[in-house]
1. Does a label point 7 Å from the Cα of residue B:108, set along Cα-to-beta-carbon, have any residues of the range B:78-93 with amide nitrogen under 12 Å, and which are they?
2. To make sure I understand, if each residue's beta carbon is the centre and we count other beta carbons within 10 Å, what order do A:95, B:196 fall in, fewest to most?
3. Fewest to most neighbouring Cβ within 10 Å: what's the order for A:54, B:48?
4. Given 0.36 nm per residue, what is the gain on full extension from residue A:44 to residue A:60 after removing their alpha carbon distance, in nm?
5. Using a 10 Å cut-off around each Cβ of peptide B:177-186, what is the average number of partner chain Cβ atoms that fall inside?
6. Can you give the FRET efficiency to the nearest 0.05 for residue B:204 and residue A:67, using r as the Cβ-Cβ distance and R₀ = 45 Å?
7. Please average, across the residues of A:173-183, the number of beta carbons from any other chain that are within 10 Å of each residue's own beta carbon, and give a whole number.
8. Which of B:156, B:27, B:173 ends up with the largest GNM mean-square fluctuation for chain B, with Cα atoms connected below 10 Å?
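Coordinate-derived values only; no laboratory data. All figures in this text were calculated on a predicted structure; none of them were measured in a lab. Because the Cβ atoms are built from the backbone with ideal geometry, glycine has one as well, and the counts that use them run over all protein chains shown.
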């Protein structure tokens, strides 16, 4: 009895040293994070947004078909990376604020407005939040736009933006393959290629590639399944 | 005010690291190695023109990354060991032998050392070969990348590498990869050193910053 108590005590100490306890699987002690690779590209007439579909808690894949492209308004979407809870909460709040603003204005909101709302929240609560968000969409005034709000709460507009843990691996590919003036098909191929490469190398990204094309006419959603992804000569 | 004047510059107390981007690629008939030239101690650049491609033998080179001291020492020791070995066998050493010597040191002292060397060269038996020796493993690969800057070009090299490119295509591929990595990694920069090894000999080239290719840079 005393020996068992001592043994249990010992194992509790060991498990606090390296956070490993056979009694509880790893994923019950980890926060849910959208590991992720996200991307958005502007073209003349709209934007193409893409994301992988893997949500992880530690090493367990909690959802292998996540949709990280979240609608904020009719022609404004956001790509979410970082903590799943934080980004969902922020997106919900901004959707509400933007909807209200749009009713007051009596017209469709600007993409820049949506991006500013994200930035205000991400900057004000920067100590508590872990969220990297790319806001993209189409509006009447400036056409297709991509704004990025990384961790910390900066806001900047970029013709092409990548984010999430998998993005480090594709900076070289994006820098070398992006050209101004690409059309919609070229942007789709570019995005699918970049996401595939990132998913190959980043353990926290994977699954299917989800894409959204936003233009004046509306939003078109596409999914590329694992076996349909572009092939690169892997070593 | 007085605290700022007395504060030490970072480079006096920080360990010297070769931040780095290194790459080695086989082509039909040889190998091409490439590296940047920046050595940093914390935030200071202590050497902006260091050649990180170190000869182990006439036709075998290694690319250094990680702690500058560790990497240089391993290269010097293996250079000596290879000399002795090649005298004993009365022939040019194999690339595989050089890589194994590097791996032995990296593995035996893996707790103390923090350096990653890529060994590449040409020998009569197997032609051009590239070996990665990260943390004491030894693996032969068609190409290898290493250093802090290599993370940013994983996608690029996966997409653009093809087997059996020509010598010029491979040199261009190496220079493009280095340029892209130097553009994104704060610890890589300066000039690009490129070494080409094939059956006819070894050619060292240095490409200055303004001669590097230009990529999309907003």
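1. Counting backbone N atoms under 12 Å from the label point, the list is B:78, B:81.
2. A:95, B:196
3. Going from sparsest to densest Cβ surroundings: B:48, A:54.
4. Contour length minus the Cα-Cα distance gives 1.8 nm.
5. 3
6. My answer for the efficiency is 0.30.
7. 5
8. B:156
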